Each structure stands twice: as C-alpha cells, then as structure tokens.
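Structure first, then comments.
Only the coordinates and a few stated rules stand behind these numbers; no lab work does. Quick caveat: nothing in here was measured; it's all calculated off a predicted structure. Quick reminder, even Gly has a Cβ in these numbers, built from the backbone with ideal geometry, and neighbours come from all protein chains shown.
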Amino acid sequence: MWQTRRQTPLMHDTLTAKPYRLVWFQHFHKAGGSSVIAEAGLNGERFYPRHYNGNPVDENGWEIPIWRMDEAEQRAFVDHCETLGVTFVATEWGSQIYPALRDDPRVFSLTFLRDPWDRLVSNYRYAMARGNAPATPIDQFFPHHSLMFRQPEYYTRMLAGGLGVCKAGDAALAAAAGEALAAIDFRADLYNKNAFQALCHRLGWTNHAVVSNKTPGLAMGALQQAARGDFGFLYRNIKLRSEQWNGIKAFRPRFEEMNPLDRALFDGLEESC
C-alpha cells in the first residue's frame, strides 16, 4: 500500500540527525484543532505533501482514509511518512488504533477534548455565523443525520471506531473509547490554561499563542455571505438570534440526555500534561 523502503542516511547524518518523530494529532471538531495545526506549521513540522488542515489527501484532494487502516497498514504508513520526512499528521474524520501507535517509539500522539456541550454550542454558532448550515434553532441543528460531529456521543463513537467498535452496546463503546483515549500520549482539556504550554514543552515547540478558525462576528459573516451572493444572511440571523438564542440554554438538558457516554468520558478525563 505504502512505499516503506527507507532512505539510508550518510554517515555524518547519522551522527547529527535527531531521531525521527511523527506527531499524530487526533483532531476533534471545534476543540482547538486548527490552532494546534497552525502551531505545528510555525514550529517547522512537515505536513503530508498534500494535506487539508493537516489531514493527508490524495492528488484529487480527497482525504486519505488513514482512520480505516489496520495495525499493519498503520505501521506501514508511519514508515511511509518517515521516508517522506513527514513529521505531523492529523486525523479529523475518524480515529486511529492508538494502543498500536503508543507502542511505536517514533510516534507521539495528542488530542484536546472540550466540554461536549460547549463544543456543540461553538459548532452551532460557528455554522450560523459562517452560513455553513441553514439558520435554524439548535434543536434542529443537532442531531444531524450524517455529520458525525453533529451526532450524539461524538467523542465516544470516534474513539471507539478506531478500535473497530462501531455498533455495540453502551458498555462496549465506553470501554473501547476509554482504552483508545488512555493510549494517546498527550491528552488535555482545552480549557486547561497550562495545557498548551505543556504540549509545546513536550514537543520542543515555541508557543506562538495562535488562535485559528474563530467564529466570525455577524457583520463579517454577512460580508462573507454577500460575496457568495447570499444577501438575506444578515436578516435571517438577526431574526434567529432575537427569536431563538435563548433556546440554546433550554436545549441543554436534552443534549445531556442524548450524550451520557461523552459526558462520562470528558468528566473522567485523566490529563497527561
């Protein structure tokens, strides 16, 4: 599947080169991922030759489904990245077999989790401000029929899916997700003010305090949509905010009922920073 033959370094390179390291980032939607990826770039990490926000893509721009690889394919992909000199990879549309990655001394895996409710609200406000979804109350925004990051138990199903546990009872899903999360080398709450500096220290990065992919203000969102020919965006969102914004808080009890596994996973997070 992958080109695994490694280049043989010259003798003087073997004496001076640092050991190869691949930083593997489990990116959860609206949990600070774009800022991590921006910092990686600023610190000289090398992305896959073709990538979208750190996710490897093919020559046609389609994501390479690295999250579907088995252990052997995953190991071969790390070999492939070493051959190319790639030092940073993100997985956003699935999850890896992290217990296997943990056993590979070349790989340093990391992730940030955000309170599940806060993550959804951020996702909702971002989508409304950017016009990425129709102006609608949050209880019509979530759950979504196909977008995983707008479905119940997002964290749990992503992490469990990496271990091949996709359709199972709650106990099996929770156990698999917990096993995967515990195998990630660096895991932290996004709101831990010391976590990012600790990550930079672990990786030898300089902390540039980048904040990427922020939710734009309503005026900026209106300008962006007007450039696309949508001149009703501002009216729809002003109407939505005036009529439905209080509905966000009202929806929280229902959200928590739908996401007990994610709540337990997040509240039980054992940070490694």
(request) Can you tell me the FRET efficiency between ARG106 and ALA250 if r is taken as the Cβ-Cβ distance and R0 is 30 Å, rounded to the nearest 0.05? (result) 0.05
(request) Grab the Cα-Cα distance for VAL210 and ASP118, subtract it from 0.36 nm times how many residues apart they are, and report the gain in nm with one decimal. (result) 31.1 nm
(request) Quick one: which residues, 5 or more positions from ALA133 or on another chain, have an amide H under 5 Å from its amide H? H modelled 1.01 Å from N in the peptide plane, none for Pro or chain starts. (result) none
(message) If I model a spin label at ASP139 and GLU59 as a point 7 Å from the Cα along the Cα→Cβ vector, what separation in nanometres do I get?
(response) 5.2 nm
(request) Whole Å is fine, so just give me how far the alpha carbon centre of the stretch 170-207 lies from that of the stretch 97-131. (result) 9 Å
(request) Go through the stretch 168-182 residue by residue and turn each phi into a ³J(HN,Hα) via Karplus (6.51, -1.76, 1.60, θ = phi - 60°); whole Hz please, and just put x for glycine and proline. (result) 7, x, 4, 5, 5, 4, 4, 5, 5, 5, x, 5, 5, 5, 5
(request) Quick one: which residues, 5+ away or cross-chain, put their amide H under 5 Å from the amide H of LEU22? H built at 1.01 Å from N. (result) VAL107, PHE108
(request) Pop out the ³J(HN,Hα) list for the stretch 256-270 in order, Karplus 6.51 cos²θ - 1.76 cosθ + 1.60 with θ = phi - 60°, rounded to Hz; leave Gly and Pro as x. (result) 5, 4, 7, 10, x, 6, 5, 4, 5, 5, 5, 5, x, 4, 9
(request) Grab the Cα-Cα distance for ASP189 and GLU257, subtract it from 0.36 nm times how many residues apart they are, and report the gain in nm with one decimal. (result) 22.3 nm
(request) Would you kindly derive the ³J(HN,Hα) couplings of the stretch 127-135 from the backbone phi angles with the Karplus curve 6.51 cos²θ - 1.76 cosθ + 1.60 (θ = phi - 60°), listing them in order in whole Hz, with x for Gly and Pro? (result) 5, 5, 5, 8, x, 7, 8, x, 5
(request) Compute the signed sum of charges (Lys and Arg +1, Asp and Glu -1) over the other residues within less than 15 Å, Cβ to Cβ, of ARG46. (result) +1
